[in-house]
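Quick notes on the structure that follows.
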Amino acid sequence: MLNATRNKYNAYTQQIGKLNNVADPSRQFEVLPSVAQTLRAKLKTSSDFLSKINIIPVVAQEGDKVGVGVKGTIASRTDTRTKDREPRYPGDLDETRYRCEKTDFDTLVRYETLDAWAHQPNFQTLLRDAIISAKAVDIITIGFNGVFVAKTTDATKYPLLQDVNKGWLQHIREDAPERHAAGGELKAEVRNDDGVVTAAGAIYVGAGEVGSEVDYVNIDALVFAGIELLDENYREDTDLVVIVGRTLVNDKYFSIVNASGDKATEQLARDVLLSDKKIGGLTAVRVPKFPKNAILITTLANLSVYEQIGTERRKIEDNAKRDQIENYESVNHAYVVEDMGKAVLIENIVMGKAPAAPAPAGG
């Protein structure tokens, strides 16, 4: 590390210590609530997708969901001469709960990278944003791919962080199987008797005979069928979107979302692609790390990341043995679908015809 870089790095660590009221940030410390709140705000603006969902601080490690949607009706009239008025809860009173799990977000930056940044007047911002951007990508990855919580994770075996935490899609699979289709629930009921069948566990979409060669002639028909799995109170919501995998719709139907500001500091990271056409009557969205052969019908506001207050821990140290600085962070997170009635997951979608059944032996 160059001397000029060392001076800027020292100023950076001193600022971290000052903000959190600690003398030595190379020893693990609790991130102050005000600093944690600022970092949550920076995390949301680092990703267009994260800016559209909820990142909610919660006190308890586990408990009831905190998001409130409008599912039922509340209008009524009561003859108070004979009975009391009875208020109604407008949201979803399902029994699914959240549990925040400890997650480590540890990053490193090589000396040569720091030296390249040292001449920049915004050195501290570059370093901070590099750490936040890496964290944002991992949160999105876990949300769409997390399946279970391992005591010790294995990034080689589970490169999409399947073992870090349970993500949104896994909660739908486990907690709302009636909102999940992976090859059986949305199958066309018509079946031919000529030996040509649709393989179990897959939904085939494309040109062909419905019921024998394909299940749906196009993605629009599949999405229309999926909407019917939503709670009837939500099927006509105008903010519903369909998040689609990258192999299901041609790239030409998508364009980059425009950021609201012209200055770099005002622009959101452009990681959400919107379709130029409706799919099944809904706006189609592509986001990073979403499974390539799946569809999620919901509202973006129905997806949340809960962050347990007081669990933010951090240390940052200079590791000269490896020519790098290392940033160690941890926090307790939960991935929450606020209202399961407003979410449908369709998986194992195959574009093309179902394989023909093998000919009978001896035929």
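Given Ala301, Ala284, which one is buried (at least 19 other Cβ atoms within 10 Å of the Cβ), of a type in the set (Gly, Ala, Ser) and modelled with pLDDT of 80 or more? Break it down stepwise before answering.
Details: Ala301 fails: buried (at least 19 other Cβ atoms within 10 Å of the Cβ).
Being buried (at least 19 other Cβ atoms within 10 Å of the Cβ), of a type in the set (Gly, Ala, Ser) and modelled with pLDDT of 80 or more holds for just one of Ala301, Ala284, which is Ala284.
Picking from residues in the stretch 331-363 that are surrounded by fewer than 17 Cβ atoms within 10 Å (Cβ to Cβ) and farther than 30 Å from Glu178 by Cα, the one that is modelled with the lowest pLDDT is Gly363. Looking across the stretch 118-131, the residues that are in contact (Cβ under 8 Å) with a residue 12 or more places away in the chain and either in a helix (DSSP H, G or I) or among the charged types (D, E, K, R) (or both) come down to Phe123, Gln124, Leu127, Arg128, Asp129, Ala130, Ile131.
Scanning the stretch 304-323 for residues being part of a loop (DSSP other than H, G, I, E, B) and surrounded by 17 or more Cβ atoms within 10 Å (Cβ to Cβ) gives a total of 2. Scanning for something surrounded by fewer than 20 Cβ atoms within 10 Å (Cβ to Cβ), among the polar types (S, T, N, Q), modelled with pLDDT under 90 and within 30 Å of Asp138 (Cβ to Cβ), does the stretch 242-253 turn up at least one residue? Scanning the stretch 242-253 turns up at least one residue that is surrounded by fewer than 20 Cβ atoms within 10 Å (Cβ to Cβ), among the polar types (S, T, N, Q), modelled with pLDDT under 90 and within 30 Å of Asp138 (Cβ to Cβ). Restricting attention to the stretch 1-44 and to residues that are of a type in the set (Val, Ile, Thr) and closer than 19 Å to Asn332 by Cβ, the residue that is surrounded by the fewest Cβ atoms within 10 Å (Cβ to Cβ) turns out to be Thr38.
On the given criteria, is Ile297 aliphatic (A, V, I, L, M), out of contact with any Asp or Glu (no Cβ under 7 Å at 6 or more places or on another chain) and touching a residue at least 12 places away in the same chain (Cβ under 8 Å)? Before the answer, list the steps.
Working: aliphatic (A, V, I, L, M): yes; out of contact with any Asp or Glu (no Cβ under 7 Å at 6 or more places or on another chain): yes; touching a residue at least 12 places away in the same chain (Cβ under 8 Å): yes.
In short, yes.
Here Ala118 meets the list (1) buried (at least 16 other Cβ atoms within 10 Å of the Cβ); (2) at pLDDT below 90 almost entirely, failing just condition (2). Among the residues in the stretch 45-68, are any at pLDDT below 80, under 30 Å from Val242 (Cβ atoms) and either surrounded by 17 or more Cβ atoms within 10 Å (Cβ to Cβ) or within 32 Å of the chain's Cα centre (by Cα) (or both)? Yes, the stretch 45-68 contains at least one residue that is at pLDDT below 80, under 30 Å from Val242 (Cβ atoms) and either surrounded by 17 or more Cβ atoms within 10 Å (Cβ to Cβ) or within 32 Å of the chain's Cα centre (by Cα) (or both).
So, in the stretch 108-146, exactly how many residues are touching an Asp or Glu at 6+ places or on another chain (Cβ under 7 Å) and not hydroxyl-bearing (Ser, Thr, Tyr)?
Start the filter on the stretch 108-146 by keeping residues that are touching an Asp or Glu at 6+ places or on another chain (Cβ under 7 Å), which leaves 108, 110-111.
Subset that is not hydroxyl-bearing (Ser, Thr, Tyr): 108, 110.
Final tally of qualifying residues: 2.
Only residues that are in contact with a Phe, Trp or Tyr (Cβ under 8 Å, 6 or more places away or on another chain) and assigned to a strand (DSSP E or B) were counted across the stretch 97-111, and they come to 2.
Please verify whether Ile142 is at pLDDT 95 or above, under 26 Å from the mean Cα position of the chain (by Cα), surrounded by 13 or more Cβ atoms within 10 Å (Cβ to Cβ) and at negative phi, treating the condition exactly as stated. When the stated conditions are applied, Ile142 passes them. Residue pairs whose Cβ atoms lie under 7 Å apart, sitting 6 or more positions apart in sequence or on different chains, and linking a residue in the stretch 10-33 that is in contact (Cβ under 8 Å) with a residue 60 or more places away in the chain and within 17 Å of Glu312 (Cα to Cα) to a partner that is of a type in the set (Asp, Glu) and surrounded by 12 or more Cβ atoms within 10 Å (Cβ to Cβ), are Ser26/Glu317; Glu30/Glu312; Val31/Glu312. Taking the stretch 1-70 and the helices (runs of 4 or more DSSP H) fully enclosed by it, the elements with 2 or more residues that are closer than 30 Å to Thr238 by Cβ and among the aliphatic types (A, V, I, L, M) are at 33-45.
The values are calculated or read from the model by the stated rules, or taken from the named source; none is laboratory data. This structure is a prediction, so every number in the text was calculated from the model and none was measured. Note: ideal-geometry Cβ built from the backbone for every residue, glycine included; neighbour counts use all protein chains shown.
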